[in-house]
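Reviewing the structure listed below.
Laboratory data are not the source of any read-out in this text; all were calculated from the coordinates shown. Remember, predicted model here, so these are calculated numbers, not experimental data. Don't worry about glycine lacking a Cβ; one is built from the backbone with ideal geometry, like all the others, and counts go over all protein chains shown.
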Amino acid sequence: MKVQVLNQDVTEVFIGVGSNLSDPEYQVRQAFKALQALPETQWGAASDLYHSRPQGPQNQPDFVNAVVRLKTRLTPIALLRALQRIEREQGKVKQRHWGERLIDLDILLYGNTTLQTDDLIIPHPFMAQRDFVLLPLLALSPKAALPNGVLLADLAKQLDEVFVKPMSADENGGLIPEQLGK
Ligand code: AMP
């Protein structure tokens, strides 16, 4: 099957970046460089880097997470393949489910597109519950919404707990629950 590689229009996309192995901060910054070199794609901005706790198994190091905003003409599937190539070239090997990872690149939002295939689900299926996705993305785009119109800011207010913390902030800095309107 021939995969369509380019869209006619430029689409704003948000990519989740995460690592908890081999100097995670370095890994995230390497991924930024690789994203800057993507074909048919214009770099927008990267969020601050955030410390977050692992999902799933807790016997693994904390994560460093960030979100990147891009504009691309790559189709969703071509973008996924490009992200998987970056992951491979950076040395990612598949480990346990929700386990430790050298680098993880997820398509969070692709314009207003909703998509569900065996390979690719957009919006990313868990983004609405993840503080380490919602807060960095909101820092880049405070009015961001899901394709169904739900504001990410409203989803962030519904988070049970917020563990994530910007690395640039001191102990009391960054977004804390009070600032999220709790
Ligand atoms: P993981 O390594 O745990 O992030 O899982 C990667 C798998 O998730 C890949 O096989 C992708 O095909 C699949 N996947 C489904 N939706 C997405 C998405 N929005 N972004 C990235 N990967 C996705």
Exercise for review: State which entries of Lys33/Lys165; Lys33/Lys157; Lys143/Lys165; Lys92/Lys143; Lys33/Lys92 exceed 26 angstrom in Cα-Cα distance in the structure shown.
Suggested key: Lys33/Lys157; Lys92/Lys143
Exercise for review: May I ask you to sort Asp154, Asp118 by Cβ crowding, counting other Cβ atoms within 10 Å and putting the fewest first?
Suggested key: Asp118, Asp154
Review point. So for the chain, taking the charge dipole from beta-carbon charges (+1 Lys/Arg, -1 Asp/Glu), which of Ser168, Val10, Pro24 sits furthest toward the positive end?
Key: Val10
Check your understanding: Just how large is the dipole of the range 90-134 about the Cα centre, in debye to the nearest 20, putting +1 at every Lys and Arg Cβ and -1 at every Asp and Glu Cβ?
Key -> 160 debye
**Study point:** Point-charge dipole on Cβ atoms (K/R +1, D/E -1) for the range 63-156, about Cα centre, debye to 20
**Key:** 280 debye
Point to revise | Where trypsin sites (Lys or Arg not before Pro) fall in DSSP loop in the range 93-137, at most 13 other Cβ within 10 Å | key: Lys94, Arg96
Exercise for review: List the aspartates and glutamates whose Cα lies under 14 Å from the Cα of Lys71, skipping any in the same chain that are fewer than 8 positions away.
Suggested key: Asp9, Glu12, Glu40
